[in-house]
Amino acid sequence: MPSMAKLEKTENSMNSAKYRPDIDGLRTLAVLMVILYHVGVQGISGGFVGVDVFFVISGYLITGIIYPKLQDGSFSYQDFYLRRIKRIYPTLLLVVAVTFIASYFFMMQTDFKEFINSALASLLSLSNFFFMLNTGGYFDQSTDNLPLLHTWSLSVEEQFYILWPIILTLAFRFKKGMFIFIASLLLSIGYSQYLTLTNPSFAYYMIPSRAFELLIGGMCSIYLKNTFPTIKIRSLLASLGAIIIIASSLILSKHSNFPGLNALPVCLGTAMIIIAGNGNIYPSVNKTLSFKPIVYIGKISYAAYLWHWPLIAFYNYRGLPLTPLNQLTIIITTLLLSSITFHFIENKTRYLNFSFQKTVLIFFVLPVIAFTGITIASYKTDGFAYRFKGYIDELSAENDPSKIRSDCHTSYYKNNWDIKKIIPECNIGDTSRPVDGYLWGDSFGNASAGFFDSYGKANGLNFQERTISWTPPIPATSFGRPNFKNEYKTNTASFTSWIFNESLKYKYVVLSADWRQYDKCSRDEITGISHECALFDSNGNNITRDYRNRVESMIKEYIKHGVNVIIFNSVNGIDFNKIKSGKISGKDISTKEYMKKEVVGGDEFIHYIIKKYPQITYIDPNNILCKNGSCTGQINGKIIYRDGGHLNWSGSKELGRLFVKE
């Protein structure tokens, strides 16, 4: 077994003069920023930049392994990938396997199926693609429960390991390395900024917008590794670098456009500290980073990064608050698991005397085959639904209106603008009669379809559902963020114009949406409060301030045409993870412990509208769900939500039946 000194020398700076303990210290800073941010420590609003520090370090170290071997002609792709697989996959497999076992016992069918998909994606180094395509973005609240979300960055690094040796080889052969690197760096920074403004999710997860971070590290290794400024200059660089990194973690937040130009300071700060470590005498910052306890955390940082997020995700999934005690518990547990993993997995498997073929077979091929089989089985069994069969069926995919009514409900990005006709499968209520009107709204409108199925049956009415996520039922109007593609804005606004004109031909229209969200967005715009949302017209112009006028104009037009308007208010919402956890644990979820405080305020405009136009039928489901300031998330022991704010199909129908009875 090689000595620890040799181990570190090999891993951190192969073929270089010395091991850099301050690099491990820099890893400590990076992983602690990430962990503290994820557990919700106040003030660390931009701790996610720790990942960017890791990217720069990876670029520096991996280039330091490859480039000297290219120079002396000894570089071997097989040897390089052999070391990478033995370094990365054993710990990743352990974390994925343990997380899989834990998830099996308390994750609902749909959630467990998605977890298995993400596990396979992480083993294939494609989890950044998976999460980009299956989440609303890294900072979306829905991602808080995804145990392997953090593996997106690992996939970026693994893709870098595939591409970078090839790029370095070409640059070395053509003797145009400096030109290629500088051109690539500038192009990547510009492209990253462009993507950050036009496609934030792609920008965050994908390697084209992260390439400059890895390139900065690579250039430090090739062109600045043997640069030895005076100790004063290096001290200044190190101090400035540390200040920039820490400031970025405190100033940036999930609301910042990222990565793009906002990621550049932290990457340059990391490079400054790396460059400052050149030479025999360390500046004070590098000396501090080389302090043994700090270095040790850096050594276990890979395992710490992998372990910390599943723990947090499980807390979130179980509805457990991240109190200071729970935060401390997660941090301590992470460090203990990481230390054990480092000593008994990483340090054992890294030096296994396996051939390349055997290593690939054991650590890659067989696990991928196993999880491919598990993935297929999960689809055939609806996420191994037998685990909760007959007990919590209301949370299955077959009870999610956004899935079972996908012909009638479309997302903002994946639209069905060409389907401008009555779709028989989208009728609800008394479907034996001709269509009486449209159910028009956003995702909350889709969630109310079950309610109006019951309402329509009781009142002899047939409604045609046509709902679009994140889109209020207002003609020539779309909703979203200012940086959304213009085609999304204009297409959505055009469709709302069509559905409005069509709905004027019928006797009834149901307008069902999260009215509070849109009104708040407009009020924030008018009062100058910071916000991320906006309303757009069919030309893509910002009309956020005109929200109330547009709603009232629409109501007037309906009344003018003799259309009976029904406005449905959005439900109060629930702590979904908590009530779900309670149901799984066999608790009585009808008690106040599982209720949510009733939302007060936000409905003033709707109340003004229904008072001014008494012809409107106004239905507020919260009058049934909320009593004495608390709102339930269940009816007869069945959870009626599919997430924290949207009703599921059976819950929506049962709520409609209760309303009809009253």
For this session: Just report the Cα centroid separation between region 534-569 and region 82-123, whole Å.
Result: 47 Å
Exercise. Considering only Ile330, Ile246, Ser58, whose Cα is most displaced toward the positive end of the charge dipole of the chain, charges sitting on Cβ of Lys, Arg (+1) and Asp, Glu (-1)?
Worked result: Ser58
Problem set entry | Accessible area (Å², per residue) of region 121-212, counting only protein heavy atoms and a probe of 1.4 Å | 42 Å²
Exercise. Straight-line reach from Lys560: which lysines have a Cα under 21 Å away, not including same-chain ones fewer than 8 places off?
Worked result: Lys505, Lys507, Lys611, Lys612
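Quick one: how many lysine pairs does region 274-407 have with C-alpha atoms less than 22 Å apart and a gap of 8 or more or different chains? Give me the count, please. Intermediate results must be reported in sequence, preceding the final value.
Values: Lys287/Lys299; Lys292/Lys348; Lys299/Lys348; Lys348/Lys358; Lys380/Lys389; Lys380/Lys403; Lys389/Lys403.
Value for region 274-407: 7.
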Seminar exercise, completed: In debye to the nearest 20, the charge dipole size for region 54-186, taken about the Cα centre with +1 at each Lys and Arg Cβ and -1 at each Asp and Glu Cβ, equals 680 debye
Exercise. Between Asn539 and Lys403, what length comes free when the chain is fully extended (0.36 nm per residue of separation minus the Cα-Cα distance, one decimal in nm)?
Worked result: 45.9 nm
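Could you order peptides 53-65, 197-209 by the average number of other Cβ atoms within 10 Å of their residues, highest first?
Descending mean neighbour count gives 53-65, 197-209.
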Problem set entry | Spacing of the two label points (7 Å from each Cα toward its C-beta) at Leu261 and Asn623, in nm | 5.3 nm
Exercise. In angstroms, what radius of gyration and Dmax does region 92-190 have, counting Cα atoms only?
Worked result: 17.8, 57
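Given a 1.4 Å probe and every protein chain left where it sits, what share in percent of the accessible area of region 254-304 is carbon and sulfur? Intermediate results must be reported in sequence, preceding the final value.
Values: 1370 of 2040 Å².
Reported share for carbon and sulfur atoms: 67 percent.
What fraction of the DSSP beta bridges in the chain is antiparallel, stated in percent and rounded to the nearest 5?
Working: 14 of 34 bridges.
Bridges in the chain are about 40 percent antiparallel.
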Exercise. Hey, what's region 446-574 come to in accessible area per residue, 1.4 Å probe, Å²?
Worked result: 35 Å²
For this session: Read phi for every residue in region 103-117 and hand back ³J(HN,Hα) as whole Hz from Karplus 6.51 cos²θ - 1.76 cosθ + 1.60, θ = phi - 60°, with x for Gly and Pro.
Result: 5, 4, 7, 9, 8, 5, 3, 4, 5, 5, 4, 5, 4, 4, 4
Problem set entry | Cysteines without a disulfide-compatible partner [the chain; Cβ-Cβ under 4.7 Å] | Cys220, Cys267
Problem set entry | Exposure of Cys426 as accessible area (Å², to 10), given a probe of 1.4 Å and all protein chains | 0 Å²
For this session: Between Leu250 and Asp588, with labels modelled 7 Å along Cα→Cβ, what's the label distance in nm to one decimal, could you check?
Result: 5.0 nm
Exercise. Under a point-charge model restricted to the Cβ atoms of Lys and Arg (+1) and Asp and Glu (-1), what is the dipole moment magnitude of the chain relative to its Cα centre, in debye to the nearest 20?
Worked result: 1420 debye
For this session: State the answer as a single residue: which of Tyr138, Tyr104, Ile182 lies farthest towards the positive end of the charge dipole of region 100-256, with beta carbon charges of +1 for Lys and Arg and -1 for Asp and Glu, about the Cα centre.
Result: Ile182
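I want to verify the translational diffusion coefficient of the chain in µm²/s; compute it with Stokes-Einstein, Rh as the Kirkwood radius over Cα pairs, at 25 °C and 0.890 mPa s. Intermediate results must be reported in sequence, preceding the final value.
Details: Rh = 27.3 Å.
After rounding, the answer is 90 µm²/s.
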For this session: Please arrange Glu425, Glu525 by accessible surface area, largest first, computed with a 1.4 Å probe and ligands excluded.
Result: Glu425, Glu525
For this session: For region 329-478, give the share of DSSP beta bridges that are antiparallel, in percent and rounded to the nearest 5; count only bridges with both residues there.
Result: 30 percent
Exercise. Hey, with R₀ at 45 Å, roughly what FRET efficiency would Thr527 and Lys421 work out to, going by the Cβ-Cβ distance, to 0.05?
Worked result: 0.60
Problem set entry | Under the Karplus curve 6.51 cos²θ - 1.76 cosθ + 1.60, θ = phi - 60°, whole-Hz ³J(HN,Hα) for region 499-504, x wherever Gly or Pro sits | 5, 4, 4, 5, 5, 5
Problem set entry | Volume per residue of the C-alpha convex hull in region 403-530, rounded to whole Å³ | 109 Å³
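So how strong a dipole does region 235-360 carry about its Cα centre when Lys and Arg Cβ are +1 and Asp and Glu Cβ are -1, to the nearest 20 debye?
Values: 8 positive and 1 negative charges, 53 e Å.
Roughly 260 debye, rounded to the nearest 20.
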Exercise. How would Ile66, Ile166, Ile180 line up by accessible area, probe 1.4 Å, largest first?
Worked result: Ile166, Ile180, Ile66
Exercise. Per-residue accessible area for Trp470 at 1.4 Å probe radius, Å² rounded to 10?
Worked result: 90 Å²
Problem set entry | Solvent exposure ordering (accessible area, 1.4 Å, most first) of His646, His531, His607 | His607, His531, His646
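The values are calculated or read from the model by the stated rules, or taken from the named source; none is laboratory data. As the structure is a prediction and not an experimental result, all values here were calculated from the model. Don't worry about glycine lacking a Cβ; one is built from the backbone with ideal geometry, like all the others, and counts go over all protein chains shown. To get the accessible areas, we keep the full protein, side chains included, count just its heavy atoms, and leave off ligands, DNA and RNA. Shrake-Rupley method; radii C 1.70, N 1.55, O 1.52, S 1.80 Å.
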